[in-house]
Each structure stands twice: as structure tokens, then as C-alpha cells.
Amino acid sequence: MTEMLDEKERRTVLGILAPYLHDPRVLRMKKYIQHGRITTYEHSLAVAFKCFEIVRDLRLRVDLHALLVAALLHDFYLYDWHEKDASHKWHGYHHAERARDNAARYFGVSDEVGGMIYSHMWPLNLTHTPKSKEAWVLTLADKLCSAKETLFLRKTRKGKQDPPPEEPEP
């Protein structure tokens, strides 16, 4: 799969996500680190772009709008899971449900979008199996982005950092 979207494709993704990208609750995701030095906001946007790439490259027929909204909101849990707090102990197992509930509460997302968010941590949550093509694409995109962020986009030796990931202008 290619690693790049052309400008028209980027505008397509950002156009679909525009109602969410400037929402103060979504912008709070910029305060929380997800993997290495990548914020939850950056991670979620990267997952949305990766979903688009997968759909494009595999020529899948999907509900692109629902998929991209689910991708942006899949980690919309709004807390720092790195903090020592008993409620964060099982973050990997529980954050998908919290993100789904937040997405429903704040944005009234459909059951389809909620289901994609809820199942994105499969196979860690074995009972939350993805139930649609879109949910499988989101799960794969999340794993690909998470692996890249965890393995390659970390602080380097001597305090130097890799350049930050490109953040699109909405």
C-alpha cells in the first residue's frame, strides 16, 4: 500500500472530518500522548488517512464517511492513560467502550460508527469482533499506525526527536 495521499485525497478526508476537527472536545485529544510522542489527535488522524489508503488500494466498497468518522473518534476517551490511576489500569481493554460512549454522547454517532469504535481493539478484546468491512479496515489501520508510532516515531538518543508527523490543515 502506498504511504501517501495526493492533495485531492487529503482534502476528501479532511472535508468529511471537518465538522469534528475543530470541535473543542476533539481538540482536547492533542493534550494526551498515545504512542511514544504522538498525541491521540495525531494518531487518530493518521488512522483516518490510513483507512482511506486501505480502501483506495484494495478498491473496497465501504461507507467512507462512517469509516473516517469512526477512525477519528476511535480513541476519543479523553484522559491520559499513562497517569497512575486505578481507572487506567486496564486501558487497552476498556478505552474502546469509553470512546464509543463519548462519540455517541457528544456527536450522536450511528450504531454502525459506534460498533467500529467498540471493536477496534480486536484481537486484544476477543469478544469485540469487528462486524463489517469498515470495522475490519479500522482495526487494521489502527494496528499499522500504532506499530509505526511505537517502533519508529519515538525519541531518539541524546534527546533528539524525529520530526513530528505532518498535521493537516483543516
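Look at the range 35-47 and say how many of its residues are open to solvent by less than 10 Å² (accessible area, probe 1.4 Å) and touching a Ser or Thr at 6+ places or on another chain (Cβ under 7 Å).
Of the residues in that region, 0 qualify.
Evaluate the following for residue 36: is it in contact with a strand residue (DSSP E or B) (Cβ under 9 Å, 6 or more places away or on another chain) and either among the small types (Gly, Ala, Ser) or at pLDDT 95 or above (or both)? I'd like the intermediate steps shown before the answer.
Details: in contact with a strand residue (DSSP E or B) (Cβ under 9 Å, 6 or more places away or on another chain): yes; either among the small types (Gly, Ala, Ser) or at pLDDT 95 or above (or both): yes.
Considered against the rule, which asks whether it is in contact with a strand residue (DSSP E or B) (Cβ under 9 Å, 6 or more places away or on another chain) and either among the small types (Gly, Ala, Ser) or at pLDDT 95 or above (or both), residue 36 comes out as yes.
Being under 22 Å from residue 56 (Cα atoms) and modelled with pLDDT under 90 is the filter here; which residues of the range 103-148 pass it?
Scanning the range 103-148 gives 120, 130, 146, 147, 148.
When you check residue 50 against the structure, is it on the phi < 0 side of the Ramachandran plot and surrounded by 17 or more Cβ atoms within 10 Å (Cβ to Cβ), yes or no? Talk me through it step by step, then tell me what you get.
Working: on the phi < 0 side of the Ramachandran plot: yes; surrounded by 17 or more Cβ atoms within 10 Å (Cβ to Cβ): yes.
Judged against the criteria, residue 50 is a match.
Going residue by residue through the range 26-33, is there one that turns out to be under 16 Å from the mean Cα position of the chain (by Cα), open to solvent by 40 Å² or more (accessible area, probe 1.4 Å) and β-branched (Val, Ile, Thr)?
To start, the set of residues in the range 26-33 that are under 16 Å from the mean Cα position of the chain (by Cα) comprises 26-33.
From the residues that got through so far, the ones that are open to solvent by 40 Å² or more (accessible area, probe 1.4 Å) too are 27-28, 30-31, 33.
The next check asks that each one be β-branched (Val, Ile, Thr); those that pass are 33.
Yes - at least one qualifying residue is present in the range 26-33.
Can you tell me which residue within the range 96-121, out of those that are of a type in the set (Phe, Trp, Tyr) and more than 14 Å from the chain's Cα centre (by Cα), is surrounded by the most Cβ atoms within 10 Å (Cβ to Cβ)? Explain how you work it out, then say what you get.
Keep residues of the range 96-121 that are of a type in the set (Phe, Trp, Tyr), which gives 106-107, 118.
Narrowing the set further to residues that are more than 14 Å from the chain's Cα centre (by Cα) leaves 106-107.
Details: 106: 15, 107: 18.
Among residues in the range 96-121 that are of a type in the set (Phe, Trp, Tyr) and more than 14 Å from the chain's Cα centre (by Cα), the one surrounded by the most Cβ atoms within 10 Å (Cβ to Cβ) is 107.
The values are calculated or read from the model by the stated rules, or taken from the named source; none is laboratory data. Everything numeric here is computed off the predicted structure, so don't read it as measured data. Using ideal geometry, Cβ is built from the backbone for each residue, glycine included, and neighbour counts are taken over all protein chains shown. Just the protein is used for accessible areas: all its heavy atoms, side chains included, with ligands, DNA and RNA removed. Shrake-Rupley method; radii C 1.70, N 1.55, O 1.52, S 1.80 Å.
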